[in-house]
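In what follows, a structure is listed as structure tokens, so that the remarks can point back to it.
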Amino acid sequence: MEPVEIIEDGVLLRPWREADAEAVHRACQDPDIQRWTTVPRPYRPEHALGFVTEMSRKAWAEGTGAPFAVCDPGTGDLLGANGLVSIDNGTGEIGYWTAPWARGRGVTVRATRAVARWSFDTLKLRRLLWQAEVGNHASRLVALRAGFRVDGRLRLADPALYGSADGWIGSLLPGEVPAAGSTGPAAPGTVAARRAAVFGRPQPVLFATTGAGELRLRPMEEQDLDGVVQTCRDPETIRWTTVPDPYERADAQGYQAHSRDAWARGDAACFVIADPDDRYVGSLDLRLSPADALVADVGFMTAPAARGRGYLPAALVALSAWGFSTLGLARIEWKANVGNTASRRAAEKAGFLVEGTARGGVQHRGERVDVWVGALLAGDLR
């Protein structure tokens, strides 16, 4: 396959040159590129030289790939890498990275759309695939803006040492590439773009004020496991929640792993509530609805020794404010089994309005039970 150049929508895609090696080496020192791609670590000058010469030329010559340097058409400056990392039986897989100095300009979205159009129009491919490790929200957002439908998850054949064992996978078919300059559901400023920016960073620490001092809402740590176990062995927790019974330390470790994975996927934000001495006093989860991007629901529990101190209402207000302002939520829902007056009291103190009772609303330990249903809207917080 003969190498080609593409100029479209303010980017130049061309075959790699030996002179690009220095800029490639500089770009690949970036922690994000090393974290999310398969470049060697540490990345040395000889790696860059081999990539822009032997590897890229071999891919073009054998027709197994189409690697492009993404450049500024006016200055010629390198902005990133893009192209087909594999071509097989009418399907190509796209891969890309953006140089640190070129981020925030939509370069990779425009380049990906250009490569996709060329792949369908010139190579007559029937499908493009995109893959990324779960948690790589920046790559996912590019794929969405380029028209890919993220179809699901798959186990990675060669997961990163400290990364997720799962990957996202998406596909793009002819006729689905957005027009140059167009926007879509993942355009800057949309909920999808906002969520990608939030979940693509480490989970934050939130703060809530009570009469006893300042509470911290933070990710779960090893020091919290004993507190979680004690709370989940409490008769009231077992009565009103669906935690395993009996509850073992392995269950707490599984919940900690679930919390990390949920954040990486962008599905939920699971926080520990820590008192002014940084001791575990409760847990609070905000779970995003898969059916409505503007809706989430909350779940929570309080350590037995911390009950009645107003910790949960304060933490609920802090979490809800973060959900409305940062995630762009419009509605946060709460449910509790009828009779769970402690949960209802905490929700109402935080501003939730109880909207009614759902008969047989949830499955609870082998039977359908009635639940109270309530919600907090973005305009309810003062």
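The values are calculated or read from the model by the stated rules, or taken from the named source; none is laboratory data. Keep in mind that this is a model prediction, so the values were computed, not measured. With ideal geometry, Cβ positions are generated from the backbone for all residues, glycine too; neighbour counts draw on all protein chains shown. Accessible surface is based on the protein model in full, side chains and every heavy atom, while ligands, DNA and RNA are left aside. Shrake-Rupley method; radii C 1.70, N 1.55, O 1.52, S 1.80 Å.
Structural remarks
- Student exercise, the chain dipole from Lys, Arg, Asp, Glu Cβ charges, in Debye to nearest 20: 720 debye
- Protein heavy-atom accessible surface, 1.4 Å probe, per residue over the range 229-382: 48 Å².
- At the residue level, Val191 shows approximately 40 square angstrom of accessible surface with a 1.4 angstrom probe and all protein chains present.
- A cut-off under 13 angstrom between Cβ atoms defines the neighbours of Cys232, and their net charge, with Lys, Arg +1 and Asp, Glu -1, is -4.
- Sequence of Ile87, Ile94 from largest to smallest accessible area, 1.4 Å probe: Ile87, Ile94
- Ignoring aspartates and glutamates fewer than eight residues from Lys58 along the same chain, the ones with Cα atoms less than 18 angstrom from its Cα are Glu2, Glu5, Glu18, Asp20, Glu46, Asp88, Glu93.
- Computed with every protein chain present, the accessible area of Cys71 is close to 0 Å² [probe 1.4 Å].
- Accessible-area composition of the chain, carbon plus sulfur, in percent [1.4 Å probe]: 51 percent
- Listed residue (Pro174, Gly163, Val134) projecting farthest to the positive dipole end of the range 116-186, Cβ model: Pro174
- Each of Arg127, Arg260, Arg113 has its accessible area taken with a 1.4 Å probe; listed largest first, they run Arg260, Arg127, Arg113.
- Computed from point charges on the beta carbon alone (+1 for Lys and Arg, -1 for Asp and Glu), the dipole magnitude for the range 1-120 about its Cα centre is near 300 Debye.
- The range 305-352: C-alpha gyration tensor shape, a/c 1.5 cut-off, then a/b vs b/c: oblate
- Cα-based Kirkwood hydrodynamic radius, the chain, one decimal, Å: 23.3 Å
- For the range 99-151 and the range 233-261, distance of Cα centres in Å: 40 Å
- Projecting the Cα atoms of Ala293, Ile87, Gly254 onto the charge dipole of the chain (Cβ charges, centred on the Cα centre) puts Ala293 farthest toward the positive pole.
- Alpha carbon convex hull of the range 57-167, projected area averaged over orientations, nm²: 8.0 nm²
- For Lys335, the aspartates and glutamates whose Cα comes closer than 15 Å to its Cα, not counting residues fewer than 8 places off in the same chain, are Asp285, Asp297, Glu348, Glu355, Asp370.
- Whole-number D in µm²/s for the range 273-326 (Stokes-Einstein; Kirkwood sum over Cα pairs; 25 °C, 0.890 mPa s): 202 µm²/s
- Per residue accessible area of the range 95-218, 1.4 Å probe, in Å²: 49 Å²
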